[in-house]
């Protein structure tokens, strides 16, 4: 049975013990997936629960609330992806002032040992945690010798000499280089969510859209894109999508709006996945709605021309196998 927990305090989450991997896991790129799979494999060896541990909001969002960094993935999709990779328990710990003030030593004792009964803890390269980033792999290994758990680190994952990281993926997306982003991710970049009601302005303009909210997070993309929509029928649907604040109609909240070509149906409440193929242009403010529609016609024609060959249909939040292994571990 899978389980999601949010709190530092409380009774044991894994009374039979666990192997824990810790990270931001934003985007679930191959390095993240290798880390999770390492924890899952080691948990199988021990006969205990595999746990993926992260934070929500991410620490960089908490400390940079005035200018939060872009997010690749929303919390629900991150949790679903971690479960799909084999974690039986996912922790998205509330990162607040109390968490920020918790020492690394207290985090080890109260969370890793007290709540999770960790037998091993796995982290990524350069991992730091606790108040003022005072904890690292060496501290985990030192405390583990006393408290009865091992700790290890996954080696950096390289693609054609470049380290795979969420930062590098964000940079590729901002540059509109979706091919490079896909190579780093190990899959095309996409955003999934449940279709919500919008203002229905697109329908009056001849471009009805399926709308996905981004949960108040700052997206890594902004502009107009050629996209494929998965989850509507048996095959991906060609589409043109806008991701931004819709300045012509005085929008505020970032919204992903996908117009599916040659489709007439009700998608409200359906969970879909929007796969990004090419960036068409920046978001801009038009003097009136007529000018906006003229540009939308151009965008749609350009997207249709780009989307001539559909990708393979795939399930939402598919978990791709990835090669990867540990750098080193220390067991008490």
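The values are calculated or read from the model by the stated rules, or taken from the named source; none is laboratory data. Since the model is a prediction, treat every value here as computed from it, not as a measurement. Positions of Cβ are generated from backbone atoms using ideal geometry, with glycine treated the same way; all protein chains shown enter the neighbour counts.
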| query | Within the stretch 67-80, which residues are touching a residue at least 12 places away in the same chain (Cβ under 8 Å) and out of contact with any strand residue (DSSP E or B) (no Cβ under 9 Å at 6 or more places or on another chain)? | reply | 68, 69
| said: Quick check on the stretch 11-28. Is at least one of its residues assigned to a helix (DSSP H, G or I), surrounded by 19 or more Cβ atoms within 10 Å (Cβ to Cβ) and not assigned by TED's automatic domain parsing to the domain that holds residue 219? | reply: no
| request: Go through the stretch 62-74 and count every residue that is crowded, with 19+ Cβ neighbours inside 10 Å and not in a loop (DSSP other than H, G, I, E, B). | output: 1
| task | Look at residue 131 and say whether it is surrounded by fewer than 21 Cβ atoms within 10 Å (Cβ to Cβ), farther than 30 Å from residue 294 by Cα, in contact with a helix residue (DSSP H, G or I) (Cβ under 8 Å, 6 or more places away or on another chain) and outside the structural domain of residue 38 (by TED's automatic domain parsing). | result | no
| When the residues of the stretch 144-163 are filtered to those that are surrounded by fewer than 22 Cβ atoms within 10 Å (Cβ to Cβ) and more than 24 Å from the chain's Cα centre (by Cα), which remaining residue is farthest from residue 36 (Cα to Cα)? | 146
| request: Could you pull out the residue among 258, 238 that is more than 20 Å from the chain's Cα centre (by Cα), crowded, with 18+ Cβ neighbours inside 10 Å, in a strand (DSSP E or B) and at negative phi? | output: 238
| Name the residues in the stretch 113-143 that are assigned to a loop (DSSP other than H, G, I, E, B) and under 24 Å from the mean Cα position of the chain (by Cα), would you? | 116, 124, 125, 126, 127, 128, 130, 136
| task | Could you figure out which of (1) free of Cβ contacts under 8 Å to residues at least 24 places away in the same chain; (2) farther than 26 Å from residue 139 by Cα; (3) touching a strand residue (DSSP E or B) at 6+ places or on another chain (Cβ under 9 Å) isn't true of residue 44? | result | (2)
| query | Out of the residues in the stretch 1-10 that are part of a loop (DSSP other than H, G, I, E, B) and over 12 Å from residue 112 (Cα atoms), which is nearest to the chain's Cα centre (by Cα)? | reply | 6
| task | Please tell me if residue 87 is closer than 23 Å to residue 194 by Cβ, in contact with a strand residue (DSSP E or B) (Cβ under 7 Å, 6 or more places away or on another chain), surrounded by 17 or more Cβ atoms within 10 Å (Cβ to Cβ) and at pLDDT below 95. | result | no
| message | I'd like the full set of residues that are touching a helix residue (DSSP H, G or I) at 6+ places or on another chain (Cβ under 8 Å) and not in a helix (DSSP H, G or I), limited to the stretch 92-112. | response | 92, 93, 95, 96, 102, 103
| Say we look at the stretch 171-192 and pick out the residues that are touching a residue at least 24 places away in the same chain (Cβ under 8 Å) and surrounded by fewer than 21 Cβ atoms within 10 Å (Cβ to Cβ); which of these is nearest to residue 29 (Cα to Cα)? | 186
